[in-house]
Amino acid sequence: MKPQAQILLSLVVAFVAALLLAGPIALAAGDPDTDPPLVPLPPPPAPPDNPITQAKADLGKLLFFDPKLTGDASLSCGDCHDPKQGWGFNDPISRGYPGAVHWRNSQTVVNTAYLGKLFWQGNAKSLEAQAPIANKGAVAGNGEDDVMEARLRQTPYYIEKFREIFGTELPNLGDAWMAIATFERTLSQRDTPLDRYLAGDKEALSAIALKGKELFEGKANCIECHNGAMLTDEKYYNLGVPRPFEWEEMGLNTVTFRWEAYAKGVREKYYRDWKDDAGLYYSSKRPQDAGKHRTAPLRYLAYTAPYMHAGQFYTLEEVIDFYNDGGADNEFTDGTHGLENKTSILKPLDLSDEEKEALVAFLEEISGEEIRIKLPEVPPYDVMPNVPGLTQAQAKRIGLETHLAVAKQQ
Ligand code: HEC
Ligand code: HEC
């Protein structure tokens, strides 16, 4: 054999040996499947029965910031999803309905168009389904359907716009959720260094973020769960995120937690014993799902601190430290209730300080520019112009004779 051929042969042998070795090692790292690659964010999808139009998005924007769609008409979606707070709420646990507090961290609505499972618990399957849950939930909007709809019907601007867009005589509440969902679909940030990099601009990511990307997809194994365009597999895991201190130390939070557990129909024994957010359990009622949450999408993070379902970590550095330790423990992982639900995927990562910094830099460069808007002025109420059943004299007495005259002409 010629020396060159010999070198080639030994290279091939070494390569095959490396492959054979690498195979079992990758499996040993707990890699049960192939992970979809990171890809640029496509244009926002919309369901066939609710296509995106500019007029509908404009209406949805007003409704998103209009407190008419909550119980006492004092807060709107935009109060817990504030554009200046990353379209979320920057306390660990969100503000709640007046007099109450929420029990989970308020998530950003930016890029939610792409998610098939909404909420930390993944229990809403579309934005159209999610909006009414938000504004009717007791500790969030706490609204009643008939009251919210009546308020829309007492707002001349809405009467006109709903008629134009949905072709109805008077506004229907269901259409309001369609418009809000449409507005949310316009809130996507597709222009990030990562998207530009993935689209072929190899200069788009900084050198340190590029190193972070390699770690993300390699040594740190984040890609196992955070993959695809939204950097989530939309599956559920218990990472051992610690229980929020608020549920022990803050009276109102404790009350909310107990109410949520009760309202979600947990068994009496669990209602008494469990002191932490059982996540997916509330949907499935299977104890082995206790403490599992939907893998969070990782876009727009630069603006949405604190992190995790109850804002347990204030900074991305803290999040990375948590993963570097192989996650932690909570009462559904440590055997307190006979459950050991922690995912076996998390392992201590042994990251150096530089590697941790690189991961943080990478996460920041998936955020893009902040989406800021001028808050709209919401339209005022007026008495409903088409008041049925009034006589001319009654209408005159309460100052509605012109409305009645107009109604009669129609
Ligand atoms: C009182 C505060 C509050 C109000 C009002 C509120 N939200 Fe939320 N929102 C939250 C919190 C907290 C969560 C996370 C709750 C959970 O996972 O259980 C959330 C979650 C969401 C999500 C899920 C995001 C994701 O990544 O899955 C969307 C979308 C959303 N809200 C939109 C809205 C819309 C639209 C409205 C108005 C119709 C609204 N919210 C009203 C606090 C609020
Ligand atoms: C086993 C699956 C899994 C792996 C591996 C994983 N994550 Fe997560 N990640 C999740 C889940 C589930 C959540 C939500 C957990 C919760 O709130 O309890 C989450 C939440 C996060 C959050 C908080 C997002 C927010 O909006 O609050 C960040 C940041 C994050 N992960 C980054 C990473 C990084 C970086 C890595 C790699 C070092 C990683 N994750 C590895 C499943 C995973």
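Some points to look at:
- Positive-end extreme of charge dipole, the chain - chosen from Gly240, Pro297, Gly389 (charges on Cβ): Gly389
- With neighbour counts taken as other beta-carbon atoms within 10 Å, the residues Leu170, Leu239 rank, fewest first, as Leu170, Leu239.
- Nonlocal amide H pairs with Lys342, under 5 Å, H built at 1.01 Å: none
- Two-site FRET efficiency, Ala207 against Ala55, from Cβ-Cβ distance with R₀ of 51 Å, rounded to 0.05: 0.70
- Spatially, region 266-325 and region 29-86 are offset by 21 Å when compared through their Cα centroids.
- Inter-site label distance for Leu252 and Glu169 at 7 Å from Cα along Cβ, in nm: 4.3
- Relative contact order %, the chain, counting alpha carbon pairs below 8 Å whose residues are six or more apart: 21
- Rounded to the nearest 20 debye, dipole of the chain from Cβ charges on Lys, Arg, Asp, Glu: 1140
- Membrane-span-like helices in the chain, defined purely by DSSP H runs whose alpha carbon atoms cover 24 Å or more axially and whose average Kyte-Doolittle hydropathy reaches -1.0, are 3-28.
- Charge context of Lys125, other residues only, Cβ under 11 angstrom, K/R +1, D/E -1: -1
Read-outs throughout are calculated quantities, based only on the coordinates presented, and are distinct from any laboratory measurement. Note that the structure is a prediction, hence the values are computed from the model and not measured. Because the Cβ atoms are built from the backbone with ideal geometry, glycine has one as well, and the counts that use them run over all protein chains shown.
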